[in-house]
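Working notes, beginning with the structure itself.
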Amino acid sequence: MAGTIFSGDRTIDIEAMQLNGARAATGLESVGLQPGDAIAFFMRNDFPLFEAATAAALLGIYAVPTNWHYGEEEAHYVFTDCGAKALLIHADLLRKIESAIPEHITVLVAETPPEIAATYGVPESQCSVPEGYLTWGDWLGGFDPMPPRDMPAPGAMIYTSGTTGLPKGVRRSPVNQDQVTAMQAVINTAFDLQPGKRTIIPAPMYHSAPNAYSGYSVAFGLDEIVLMPRFDPEELLQLIEKHKVTHLQVVPTMFVRLLKLDEETRNKYDLSSLEFVVHAAAPCPPEVKQAMIDWWGPVINEYYGSTETGSVVFCTSQDWLSHRGTVGKAMPGVELRILDDDGNDQPTGTPGDVYCRITNGPDFTYNGDDEKRKRAEKRGLISPGDIGYLDEDGFLYLMDRRNDMVISGGVNIYPAEIENCLMTHPDIHDCAVFGIPDPDFGEALCACIKLEDGALLDPAEVQAHVREHLAGFKVPKVVEFLDELPREDSGKIFKRKLKEPYWEGRETRI
């Protein structure tokens, strides 16, 4: 029996979704997309995302999920950098970034559905497709389904930044059968997805982890896939009970919000169907993880990896309880090493750079930046940019990140991009942006600023400047004004000196 995808009061059978995807593949080919090309998505969680991803796989093209919070400048950069020949976008979001869309792109517009409109307060007048644009459902209905092809699928190209602050697309090579087998061993461990199981997608599918998880849920024949327009803790509990959900992928911020529910609400719903809950994307505070295991039982699992490497390390509840603070051990077919700056193995218990790789997994490069790809590798392994150590049992513990990336609520934020934005303000002389502890999101952004002589700014004006140019989640929560910023002779800011007062006395860095 075919599975079903749910969103609000709407449903679509997976067989019908895949048929629509096959029609979309024919349509995309008719407008010139060929293997190796790209289609960008600028959407919230919705059925057309699955249909377009199916089409991309059939055609051998890259799907490029783009953060729909982006403003015009950010969206234009991704659409241009990935070379997208087509764009799938929700109707109300089209109005937000219409001028950012390159002229050569075929724009396909999906109506904004009622549950998404209600969640985000979208007026009914903005939910319909504007005149002059192709409507997704009507458009794909005009094509015959593309027959299955023996076409290696490259998957999604997720954009992730480095120290430059400019996003780079992680462009994977199409996989062969041996690589599919290697990846399946990892997927089976990290997600435990099986035919007949039921899951919820509570996180936005433009992120790497939920994007991959949603695709695996279809591929592994789950019976029900429930989409949430936006995470809400009590609604998640309601949906678990209603759909008898067995499997779930979340980020630690969701745990924090669930634990803030009062006891009556937490105990109101039947969660006994849960078999396998996995969290990832950001470190989980030990006290939060312990509380979730106490509440939901030993069904809490964790994996660690990156967009570049995929999932490489895994930890069960039992593993964590006996090795408190670990993120787990290397999964089957994964090589994991802790290396010093010269590429030598570090002894047990000694911190160093984490390097890893799925041994027979597909390779990748950064779109348009092969040199950056080369810099990320040592001894044939890839660094996610974290510092950690292995204990005598082979369990990995993370200590810090080599770069300055901030993870807030499971979202990767890159301070260099925000610093570049701040420096365009005429009254700002110097600045540094970094992460500080936040009880809800794990980390929040702090900006330390030196003003030009005689200039006057308040925090709200600084935040407004960032909000004008970048997405809202990149606006610093805390703004401090300093007479001087500590810099090395080379010009690099000593960010650790700025961070220390905020992180002092904590058991682990979040």
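The values are calculated or read from the model by the stated rules, or taken from the named source; none is laboratory data. Keep in mind it's a predicted model, so treat the numbers as computed, not measured. Here Cβ is always computed from backbone atoms with ideal geometry, including for glycine, and neighbour counts include all displayed protein chains.
Applying the criterion of at least 1 residues that are out of contact with any Lys or Arg (no Cβ under 7 Å at 6 or more places or on another chain) and of a type in the set (G, A, S) to the strands (runs of 3 or more DSSP E) found wholly in the stretch 356-473 leaves 386-390, 406-408, 428-438, 442-451. Close contacts from the stretch 27-50, counting a first residue that is assigned by TED's automatic domain parsing to the domain that holds T135 and acidic (D, E) and a second that is part of a strand (DSSP E or B) and at pLDDT 95 or above, with Cβ to Cβ under 9 Å and a gap of 6+ residues or different chains, come to D37/Y62; D37/A86; D46/S7; D46/H90; D46/A110; D46/L227. Tell me yes or no: at least one residue of the stretch 428-436 is among the charged types (D, E, K, R) and within 21 Å of the chain's Cα centre (by Cα). No, that holds for no residue. Here V175 qualifies as outside any helix (DSSP H, G or I) and farther than 22 Å from E302 by Cα. Screening D363, D370 for residues that are among the acidic types (D, E), under 22 Å from N188 (Cα atoms), within 24 Å of the chain's Cα centre (by Cα) and at pLDDT below 95 leaves exactly one candidate, D363. The set of residues from the stretch 70-94 being small (G, A, S) and over 16 Å from A471 (Cα atoms) comprises G83, A84, A86, A91.
Is it true that P439 is of a type outside the set (G, A, S), under 26 Å from V256 (Cβ atoms) and exposed (fewer than 14 other Cβ atoms within 10 Å of the Cβ)? Judged against the criteria, P439 is a match.
Selection within the stretch 269-320: residues that are touching a residue at least 40 places away in the same chain (Cβ under 8 Å) and part of a helix (DSSP H, G or I). The member of this set that is farthest from the chain's Cα centre (by Cα) is D319. Restricting attention to the stretch 480-487, does a residue exist that is touching a residue at least 12 places away in the same chain (Cβ under 8 Å), within 26 Å of P167 (Cα to Cα), outside the structural domain of T253 (by TED's automatic domain parsing) and not acidic (D, E)? Among the residues of the stretch 480-487, not one is touching a residue at least 12 places away in the same chain (Cβ under 8 Å), within 26 Å of P167 (Cα to Cα), outside the structural domain of T253 (by TED's automatic domain parsing) and not acidic (D, E), which makes the answer no.
Checked against (1) in contact with a Gly (Cβ under 6 Å, 6 or more places away or on another chain); (2) in a helix (DSSP H, G or I), N188 meets all criteria but (1). Taking the criterion of being in a loop (DSSP other than H, G, I, E, B) and more than 17 Å from P145 (Cα to Cα), the residues of the stretch 26-44 that qualify are P35, G36, D37, M43, R44.
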